[in-house]
Amino acid sequence: MSKIKFLLLPLFCFLLSAAPTRAGEGMWLPQLLQALNEGDMQTMGMKLTAEQIYSVNQGSLKDAIVHFGGFCTAEVISDQGLILTNHHCGFSEIQSHTTLENNYLRDGFWATNKADEKMNPGLYAKFIVRIDDVTKSILTGTEPGMTKEERQSVIDRNKNKLTANFKKESYQEVEIRPFFKGNQYFQFITVSYPDVRLVGAPPSSIGKFGADTDNWEWPRHTGDFSLFRIYSDENGLPAEPSADNIPYKPKHSLPISLDGVEEGDFTMVFGFPGRTDEYLPAAAVEQIMVVTDPAKIAIRDKALKIVDGYMRSDEEIKIKYASKFASIANGWKKWIGEVQGLEKTNALQKKRDYEAEFTRRLQEAKKEYDPRYAGLLPEFDKLYAASAADAKAAAYQSEITGRNVELLRVAGLMRRLTSAYENNGEAGYNNFKARLNNYLTGFYKDYVPAVDQDVFAALIEMYATDLEGKYVAPEVRTAVTNAGGSYADYAKNLYANSKFTSQKAVAGLLAQDPKAAVEAMKNDPAYKLISAIQDHYNATTAPAYDAFQTRVEEMMRLYMQAQKKVYAEKTFYPDANSTMRVTYGQVAGYEPRDAVIYKNKTYLDGVIAKYVPGDYEFDLPKKLLDLHAAKDYGRYAEVVDGEEKVPVCFLGSNHTTGGNSGSPAIDANGNLIGLNFDRVWEGTMSDINYDRSICRNIMVDIRYVLFIIDKYAGAEALIEEMNLVHPKKGK
Ligand code: ARG
Ligand code: ASP
């Protein structure tokens, strides 16, 4: 550390503690900002009105935000439908156009003109037209004493009625979604555009720089962005992918600020957060911390080590497994951070204190609360304690058969095909088969049986040895015994004898008439194995575990309602559920551990400092090194201590989660300043218990995005489409 920095440190500490970050927690519904948040946001520096963020009458910020494929967020940044999202959000599209000859994952891709932009069937961009509270209509006719099924059927009937009667344009869709665990319902009118084309992506050495080592961590140096374009028919309406379509003309596109950010600046992140669980009882949090997260981590730990070994030694396997590996590693690392963060912030004790106060208020209450409230917490404690072993078995089951062992996943699908035949005859069979064939084409393109076989051997051993005996299907034990006790030999036999490891063999199998195909599938050893595991689970674990989950769901609805009543002074926000939300905070560093302080921003110098030539995660393209050496930064640098530096990533106290990737970071005036893509490791427990001391979201500075598009890729035409502004300089 340089002397000057050392001297400044105490001052910096003082600043951090004297100006604690404000707001942060909360993922708010955009149509309720006016009622709940506008004042707070303006106090924090926002210059916009709630109406400028969300309006049904005129173009507003919300009209520039799309749900990207249903799993990420993207924003419109030009009046020709250009949208910006993360590299990791566009990853499977980039990968799908990648071959060994045209290696867009490795080298990047830049369409030189619109005709070069690449179609992605199946991908869509969804806009939100309006959001309305429909709780009354949806809950009409539900009664407290109803069973889950009874209640659901009333709700479904109400939903259908409401949807059928709603006057909308033919290209619009109506979605009705539960909030606050089913205590409130909102209706969303949406428009989805199914022609979304790939426009540009940096090489992975920029877009995924630091890969899994840096994932979920700060300081970060990743240019995690990619560009797409929405196409519409000639009237601006949604149309299936076609060469006749034209670039979409948006109601609003975000101006882009070149002025950068400083500690304390107002930030807002607008997007589609996927899922959070902020209102769980302590007993549930404890189960996550000591049972389910550790179980999932342990399994992925094993699987990832094996796949990683193959990927490092074989370029083709690296391409085939890149996307699958990234997604499995992503969850694995998040859970590790989650458990650590929950421990570090004493989340469990805080929940217990919150519950003690809840109970105290119930007991002291002069007014009448629903008498059922009092029984909730003791029952949660009892149910969670009793379900721990089942929960572990369920986590193993889904991680092993549903996620990490590819052969078992395919065998599971074959099993569904045979039951489609048995339950719905040839029509059911053919219907499922058509979808299956589609899936299998993509699946086999990226399948390497040797990799999967090793994963299988390791995970089936965990299944057979880690779980209590009663959870293990006897067939598995027998098979291992028959293989002389060797899991590797067991795997070898299975993979040599199952037809499902070969695309050709499966095609041959499915070419037969349905009856013969079903017969043949049922004789496959992988089919027999998945059947044994699933049947055993269904007989031993599922009945009690499913009942537990149903009961907990019912109780959570009541507990949510109870928390809102008993803590009436708090403003509650609903858990994320993949609907549009706004979160706001400030640009802010943090203190991850005693005596360690993280600043809020990283620079290109830091990227170069991490450079490891030829490395699988930290290599860099020569062009970027050259630009840095020549300090050829265009207008994208800022001056730090008299020196020009290109900003790369920055931190904020915005409350985000998975699905917020690709969300715009917006300044006080409504300009784009960054692109959300991650959170810091210590703070991933924000999904369960947000703590403003260590929860931070990570954004790419928009100037790095522009620098790469302009100076690195030379895609000036794209820059020209955008509206670059200087709000701090009054321009
Ligand atoms: N952690 C981020 C998110 O949850 C980014 C994941 C993509 N990157 C990766 N190396 N796996 O999606
Ligand atoms: N990386 C996440 C995403 O893909 C964002 C997060 O979990 O913070 O949505």
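Name the residue that is surrounded by the most Cβ atoms within 10 Å (Cβ to Cβ), counting only residues in the stretch 678-718 that are over 30 Å from Lys344 (Cβ atoms) and acidic (Asp, Glu). Going through the qualifying residues, I end up with Asp710.
Arg275 passes every criterion in (1) among the charged types (D, E, K, R); (2) touching a helix residue (DSSP H, G or I) at 6+ places or on another chain (Cβ under 7 Å); (3) within 16 Å of ligand 2 (Cβ to nearest atom) apart from (2). In the stretch 158-180, the qualifying residues are those that are charged (D, E, K, R) and over 31 Å from the mean Cα position of the chain (by Cα), and the one that is nearest to Pro238 (Cα to Cα) is Lys167. Please work out which one of (1) within 16 Å of ligand 2 (Cβ to nearest atom); (2) surrounded by fewer than 18 Cβ atoms within 10 Å (Cβ to Cβ); (3) among the β-branched types (Val, Ile, Thr) is the condition Val290 fails and give its number. Going through the list (1) within 16 Å of ligand 2 (Cβ to nearest atom); (2) surrounded by fewer than 18 Cβ atoms within 10 Å (Cβ to Cβ); (3) among the β-branched types (Val, Ile, Thr), Val290 breaks only (1).
In the set (1) within 30 Å of Met289 (Cβ to Cβ); (2) within 16 Å of ligand 1 (Cβ to nearest atom); (3) crowded, with 24+ Cβ neighbours inside 10 Å; (4) not small (Gly, Ala, Ser), Leu675 fails one condition alone, (1).
May I ask you to verify whether Gly375 is under 26 Å from the mean Cα position of the chain (by Cα) and surrounded by fewer than 19 Cβ atoms within 10 Å (Cβ to Cβ)? No, not satisfied. Where strands (runs of 3 or more DSSP E) fall entirely within the stretch 583-626, those with at least 3 residues that are in contact (Cβ under 8 Å) with a residue 60 or more places away in the chain are at 590-593.
None of Ala479, Ala483 is closer than 18 Å to Ala458 by Cα, surrounded by 14 or more Cβ atoms within 10 Å (Cβ to Cβ) and free of Cβ contacts under 8 Å to residues at least 12 places away in the same chain except Ala483.
Going by the structure shown, is Val587 aliphatic (A, V, I, L, M) and under 30 Å from Lys367 (Cα atoms)? It is false that Val587 is aliphatic (A, V, I, L, M) and under 30 Å from Lys367 (Cα atoms). Hey, among the residues in the stretch 655-700 that are away from ligand 2 (no atom under 12 Å from the Cβ) and charged (D, E, K, R), which one's modelled with the highest pLDDT? Here the residue is Asp667. For the stretch 324-372, the set of residues classified as among the aliphatic types (A, V, I, L, M) and surrounded by 14 or more Cβ atoms within 10 Å (Cβ to Cβ) consists of Ala326, Ile328, Ala329, Ile336, Val339, Leu342, Ala347, Leu348, Leu362, listed by residue number.
All conditions but one from (1) surrounded by fewer than 21 Cβ atoms within 10 Å (Cβ to Cβ); (2) at positive phi apply to Glu643; the one that does not is (2).
For (1) more than 16 Å from ligand 2 (Cβ to nearest atom); (2) more than 27 Å from the chain's Cα centre (by Cα); (3) buried (at least 23 other Cβ atoms within 10 Å of the Cβ); (4) over 25 Å from Thr222 (Cα atoms), each residue gets a yes or a no:
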{"site": "Gln31", "(1), (2), (3), (4)": "yes, no, no, yes"}
{"site": "Met41", "(1), (2), (3), (4)": "yes, no, yes, yes"}
{"site": "Gly45", "(1), (2), (3), (4)": "yes, yes, no, yes"}
{"site": "Thr49", "(1), (2), (3), (4)": "yes, yes, no, yes"}
{"site": "Asp63", "(1), (2), (3), (4)": "yes, no, no, yes"}
{"site": "Leu84", "(1), (2), (3), (4)": "no, no, yes, no"}
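Selection within the stretch 637-649: residues that are assigned to a strand (DSSP E or B) and more than 16 Å from ligand 1 (Cβ to nearest atom). The member of this set that is farthest from Met268 (Cα to Cα) is Glu643.
Could you check, for the stretch 225-236, whether at least one of its residues is within 16 Å of ligand 2 (Cβ to nearest atom), in contact (Cβ under 8 Å) with a residue 40 or more places away in the chain and touching a helix residue (DSSP H, G or I) at 6+ places or on another chain (Cβ under 6 Å)? So far as the stretch 225-236 goes, yes, one or more of its residues are within 16 Å of ligand 2 (Cβ to nearest atom), in contact (Cβ under 8 Å) with a residue 40 or more places away in the chain and touching a helix residue (DSSP H, G or I) at 6+ places or on another chain (Cβ under 6 Å).
The values are calculated or read from the model by the stated rules, or taken from the named source; none is laboratory data. Quick caveat, the model's predicted, so the values are computed rather than measured. With ideal geometry, Cβ positions are generated from the backbone for all residues, glycine too; neighbour counts draw on all protein chains shown.
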